[in-house]
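Worksheet: the structure to be examined is printed underneath.
Quick note: the coordinates plus some simple rules give every number you see, no bench work behind them. Because the structure is predicted, anything quoted here is derived from the model rather than measured. Neighbour counts are summed over all protein chains in view; Cβ atoms, including those assigned to glycine, are modelled from backbone coordinates with ideal geometry.
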Amino acid sequence: MTEAPALSIVIPAYNEVQSLAALVDGILSVVESLTLSSYEIVLVDDGSTDGTTAVMTRLATEHPHVRALLLRTNFGKSAALMAGFRDATGDIVITMDADLQDDPNEIPAFIEKIESGFDLVSGWKRERHDPLEKRLPSRLFNFIVRKVSGVPLHDNNCGFKAYRSWCVKGLELRGNQHRFVAAILSWRGARIAEIPVLHHERRYGTTKYGIARYFYGSFDLLTFLLLTKFSQSPLYFFALVGLPFVVLGGGVGVYLLANHILNLIDPARGFQLTTRPLLIVGVFLVLAGLLMFLIGLLAELVLRSTNLGPGYWVREKIAGQVMPEEGRSRLVERTEAEQTHVKNPVRAQSAEAHTPAHRS
């Protein structure tokens, strides 16, 4: 960026009445010392019930650079982020959590990293001040996301991130997909970096996430795969899901059939196929796998009959200069000569053989 950028800071909050004012004061003291064309703080209240709404309203009234978006009820962090993204107007959009665990003094480092050529910069809480029961599932989750998405971030859960505006304006998040935002943007061609950030202990309130978030995260991970890597070929996704059922059901069927044939040869060995409840299990597994495959075919038909856009995102468009008429005619003559040479290679070689060599 050659000019000073405009900055938007989006802060989703749910029941953070004690920490919100201190966070806004800390952010204002940092960004006012920076060289920015403009800046704004977008506070998003995700249906709080502890007085956060009143605090946001007061902050937006007192500070000209602060706006408050009040959602009707608790829709979740992804929805709150989406509301903030759509309202943000900056060239750079930074997201922070409202619990004072993210340090506003890290904001200049995010801006510097974005201006060095990246589209998304994610924070990495290298020294994380959270309970062990929160850190261990998070490490496992991040390991799985790294392997599945191919994006080598240490901390996909970190809410401290910086984006170029194009990243957030075309983003659609549902459920808990905010934890996969880096993977989604990487699939769209974003250049992604990671910087270590300070992480403070929570001073007020309690965490809004429990162990259930990782249970839901497994389903969100499947949704992410379907919406990114398999968005243009959903049949592959459902075939991969259904294939283990078919293989397992087929194995059960082979086992039952082998014992049935063995029993027919020697009644003292094996068993009758129809006397085993395992037959029902095998049939069920095969039918479940085939059903998955049929769902994939149906998804393919829906995809082909619905206009879902081109399936790509253009990063840059370069327009060529208008060529003068004289140069354009020479280019046409040269192109026609090259095409003749390609279409008639034998004739071209013959002509070259009968052309006298130049003498110095």
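Kirkwood Rh, Cα Rg: Rg to Rh for segment 6-227?
On the way: Rg = 16.2 Å, Rh = 17.5 Å.
Ratio of gyration radius to Kirkwood radius: 0.93.
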Can you tell me the relative contact order of segment 6-227? Whole percent, Cα pairs under 8 Å, sequence separation 6 or more.
25
With R₀ set to 41 angstrom, the calculated FRET efficiency between the beta-carbons of Ser37 and Arg203, to the nearest 0.05, is 0.80
If I model a spin label as a point 7 Å beyond the Cα along the Cα-Cβ vector, how far apart are those points for Asp87 and Arg276 in nm?
6.3
Where the centre of each part is set by its Cα atoms, how far does segment 1-71 sit from segment 239-289, in angstrom?
62
Quick one: if you stick a label point 7 Å off each Cα along the C-beta vector at Val247 and Asp50, how many nm between them?
4.8
Using the number of other C-beta atoms within 10 angstrom as an exposure proxy, rank Met56, Met82, Met292 with the fewest first.
Met292, Met82, Met56
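Multiplying the sequence separation of Tyr236 and Val302 by 0.36 nm and subtracting their Cα-Cα distance, what value in nm do you get? Don't jump to the answer; show the numbers that get you there.
Values: separation 66, 0.36 × 66 = 23.76 nm, distance 1.46 nm.
That pair, Tyr236 and Val302, stretches by 22.3 nm at full extension.
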Stretch gain in nm, segment Ala109-Ser29, where the contour uses 0.36 nm per residue and the Cα spacing is subtracted:
27.3 nm
What relative contact order, as a whole-number percentage, does segment 234-305 give when Cα pairs under 8 Å and 6 or more residues apart are counted?
50
Considering all projection directions equally, how large on average is the shadow of the alpha-carbon convex hull of segment 234-305, in square nanometres?
5.0
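Note down the net charge around Leu70, summing +1 for each Lys or Arg and -1 for each Asp or Glu among other residues with Cβ under 13 Å from its Cβ.
Working: positive: Arg58, Arg67, Arg72; negative: Asp45, Asp46, Asp87.
With Lys, Arg at +1 and Asp, Glu at -1, the neighbours total 0.
I'd like the FRET efficiency for Ala193 and Ile261, computed as 1/(1 + (r/R0)^6) with the beta carbon distance as r and R0 of 35 Å, rounded to 0.05.
Values: r = 62 Å, r/R0 = 1.77.
Working from the Cβ atoms, E equals 0.05.
Provide the FRET efficiency to the nearest 0.05 for the Phe284-Lys134 pair, computing r from the beta carbons and using R0 = 35 Å.
Details: r = 39 Å, r/R0 = 1.11.
Efficiency computed from Cβ-Cβ geometry: 0.35.
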